[in-house]
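Everything below concerns the one structure shown next.
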Amino acid sequence: MDTADERWAAYYERLKDRPPRFTSVFAQRRFSQPGFAVDLGAGGGRDTIPLLAAGWRVLALDQEYTSIKTIRDAVPDELVSSLKLSQHSIETAEWPECDLINSSFALPLCEKSQFPNVWQRVIDRLRPSGRFSGQLYGNRDTWAKNGADDGVVAFTRSDCLTQLKDLKIEMFEEEEHDGFTPRGNFKHWHIFHIVARKD
Ligand SMILES: C[S@@+](CC[C@H](N)C(=O)[O-])C[C@H]1O[C@@H](n2cnc3c(N)ncnc32)[C@H](O)[C@@H]1O
């Protein structure tokens, strides 16, 4: 049986040539100049590395050692000084105030009971006019397991919009279809793609 670290390593390898998530690209383009970003659950650096290349300073945080090593190995020397890496769980991590908090397909993997605290920390740490970009899962996603304790954090559309009530929504796209995971398993996807700004 593979360890979690080995499973994620295979995931990073499979996705390593994919472009950045459209949510992080959209958010980045809404800023007049690069700032400081925190990438929660940064994985293989799919968003972190393009942000660095666009002139951002980035704190990339992930609980897996392989994520931190993958990003460190992939970042070109000339961008290393703009990057900080942190191997930490999102639930217990602290991070400074920032202009952008990106979390692509990672926040809903938090411990369910901790999600409200994590989300409040996301909002608190955004500077005025700062943005959140990323995904939350919908309640009909296979991984939500109909709300079971071991399912991912998931929302109905209206609960998701309520979750964003303290932010100004700039993108809110709901995606729902049957399909495959990056590991090739069949599942039902129900995702909210989000970019939202703090006033
Ligand atoms: C689906 S991957 C997404 C990676 C990357 N953001 C992307 O879009 O390619 C989720 C990532 O979140 C990390 N992760 C999951 N739960 C976490 C937690 N509670 N704290 C920190 N990282 C976590 C995993 O190690 C993994 O790298």
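For region 1-116, what does the alpha-carbon gyration tensor say about shape, rounded, prolate or oblate, given a ≥ b ≥ c as the root eigenvalues, a/c under 1.5 as rounded, and a/b over b/c as prolate? Oblate, because a/c is 1.5 or more while a/b does not exceed b/c. Cross-link partners among aspartates and glutamates for Lys168, C-alpha distance below 18 Å, same-chain residues fewer than 8 apart left out? Answer for Lys168, where 18 Å is the Cα cut-off: Asp99, Asp124, Asp159, Asp199, listed by chain and number.
Of the peptides 103-110, 124-131, 146-153, the ranking by mean beta-carbon count within 10 Å, highest at the top, reads 103-110, 124-131, 146-153.
Among complete DSSP H helices in the chain, none has alpha-carbon atoms stretching at least 30 Å along the helix's long axis together with a mean Kyte-Doolittle hydropathy reaching 1.0. Each of Pro20, Val153, Ser89 was placed along the dipole of the chain (beta-carbon charges, centred on the mean Cα), and the one lying farthest toward the positive end is Pro20. Only Lys, Arg, Asp and Glu carry charge here, each on its Cβ (+1 for the first two, -1 for the last two); on that basis region 11-97 has a dipole of about 320 debye about its Cα centre.
Sorted largest first, the spans of the alpha carbon positions of the chain along the three principal axes are 46, 44, 28 Å. Taking the centroid of alpha carbons for each part, region 9-65 and region 151-199 are 18 Å apart. Report note on the peptides 170-178, 52-60: ranked by the mean count of other C-beta atoms within 10 Å, highest first, their order is 52-60, 170-178.
Projecting the Cα positions of Gln114, Ala54, Gly138 onto the charge dipole of the chain (unit charges on Cβ atoms of Lys, Arg, Asp and Glu, taken about the Cα centre) puts Ala54 furthest along the positive direction. Computed from point charges on the beta carbon alone (+1 for Lys and Arg, -1 for Asp and Glu), the dipole magnitude for region 4-197 about its Cα centre is near 400 Debye.
Each of the peptides 90-100, 186-196 was scored by the mean count of other Cβ atoms within 10 Å over its residues; in descending order, highest first, they stand as 186-196, 90-100.
Readers should treat all values here as calculations from the given coordinates under stated rules, not as data from a laboratory. Because the structure is a prediction, the values reported are computed rather than measured. Ideal geometry is used to build each Cβ from the backbone, glycine not excepted, and the neighbour counts take in all protein chains shown.
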